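Input: a single structure, listed below in structure tokens.
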């Protein structure tokens, strides 16, 4: 095996990324070395690319970014027991310690000492990546690598939609980013009775319709709350999933939720959000879920079951490019018209 590999890295503080040549990782006894087949661009990667305030406070260059990927095991550490050379795997981006109070309480996805691929440790925008055995998920051998690479964000959608049963329920999804679009498909595949999608980019709203939207609403047209309340005969929806972090979307999603309904908070606000606890939460008797990552490993098992049942998330994958073309990918992800949704790159 060659000693060097290509990798897309945040080499120094400031906007942008660079393709560099670095050493292939040397694995620890509890890790496997994975030859990356496909890796996809996440909104977190865009934040790092732009070098915004969050990135400046969290990222310590130089680092290889990227955390959504799949690939083949080419080397196995001496302590690894569940994986072999040749296994086709993906990985959950949340690396947990397994020993803290939260992990031992059955919640490793929010481990107290959480480490994230491509944020706190070298990630997947490279030819090879080192993966702890405890973070690896063994894929069905015939799973399309493009789909195998997007299971991390798809798992967010699975967790958000299925944290309680959705079958036969009406659901409103606010946000037309890739995870919002995945959520539409998960809700449809899981038996939601009626799906309302609220977005702002026509190209992405159209993808949502392919994924199973019943009623599509562009915020530019106004009347979001009125349209959903009229269609539900004044009752409101059983489930509202907020995936923007925008104050207006938060207000609207709470307004269209019926009494006793379920409100899911996934979008990350850029500043503090205000909620009328009396009107929107207490007197309505709603249940609130905060979603961070995916449940380990329940969400992955649910994804595998959905794939085997015929669920197809591929309409959300709008572009497939070479890793060498990463700049094109980030140009598409930051374009004003948001024609791109999920972009998959191949080393």
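The values are calculated or read from the model by the stated rules, or taken from the named source; none is laboratory data. None of the values given here were measured: they were computed from a predicted structure. Methodologically, a virtual Cβ is constructed for each residue, glycine included, from the backbone with ideal geometry; neighbour enumeration extends over all protein chains shown.
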Looking at 8, 80, 85, 73, which one is touching a residue at least 12 places away in the same chain (Cβ under 8 Å), in a loop (DSSP other than H, G, I, E, B), within 25 Å of residue 293 (Cβ to Cβ) and in contact with a strand residue (DSSP E or B) (Cβ under 9 Å, 6 or more places away or on another chain)? 80
Pairs please, first residue from region 43-67 and on the phi > 0 side of the Ramachandran plot, second anywhere and in a loop (DSSP other than H, G, I, E, B), Cβ atoms under 6 Å, 6+ apart in sequence or on different chains. 51/14; 51/15; 66/118; 66/123; 66/124; 66/125
Taking region 300-342 as the region of interest, how many residues are in contact with a helix residue (DSSP H, G or I) (Cβ under 7 Å, 6 or more places away or on another chain) and assigned to a helix (DSSP H, G or I)? 9
Scope region 159-211; condition over 19 Å from the mean Cα position of the chain (by Cα) and at positive phi; matching residues: 168, 191
May I ask you to list pairs of residues, at least six apart or on different chains, whose Cβ atoms are under 7 Å apart, with the first in region 95-110 being farther than 19 Å from residue 289 by Cα and the second being modelled with pLDDT of 95 or more and surrounded by fewer than 16 Cβ atoms within 10 Å (Cβ to Cβ)? 95/115; 97/113; 100/112; 100/113; 101/112
Hits in region 57-97 - residues which are exposed (fewer than 13 other Cβ atoms within 10 Å of the Cβ) and either within 24 Å of residue 178 (Cα to Cα) or at pLDDT 95 or above (or both): 60, 78, 79, 81, 82, 84, 85, 86
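Is it true that some residue in region 133-146 is touching a helix residue (DSSP H, G or I) at 6+ places or on another chain (Cβ under 6 Å), in a strand (DSSP E or B) and within 22 Å of residue 344 (Cα to Cα)?
There is at least one residue in region 133-146 that is touching a helix residue (DSSP H, G or I) at 6+ places or on another chain (Cβ under 6 Å), in a strand (DSSP E or B) and within 22 Å of residue 344 (Cα to Cα).
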For the condition within 27 Å of residue 28 (Cα to Cα) and either in the same structural domain as residue 213 (by TED's automatic domain parsing) or surrounded by 18 or more Cβ atoms within 10 Å (Cβ to Cβ) (or both), what is the one hit in 156, 139? 139
Does residue 124 count as under 21 Å from residue 301 (Cα atoms), assigned by TED's automatic domain parsing to the domain that holds residue 329, under 19 Å from the mean Cα position of the chain (by Cα) and in contact (Cβ under 8 Å) with a residue 12 or more places away in the chain? no
Name the one entry in 39, 20 that is more than 25 Å from residue 82 (Cβ to Cβ), in the same structural domain as residue 59 (by TED's automatic domain parsing), touching a strand residue (DSSP E or B) at 6+ places or on another chain (Cβ under 8 Å) and in a strand (DSSP E or B). 20
Against the condition at pLDDT 95 or above, surrounded by fewer than 16 Cβ atoms within 10 Å (Cβ to Cβ) and in the same structural domain as residue 173 (by TED's automatic domain parsing), how does residue 248 come out, does it pass? yes
Just to verify a result, which residue in region 202-226, among those that are touching a residue at least 40 places away in the same chain (Cβ under 8 Å) and touching a helix residue (DSSP H, G or I) at 6+ places or on another chain (Cβ under 6 Å), is nearest to residue 189 (Cα to Cα)? 211
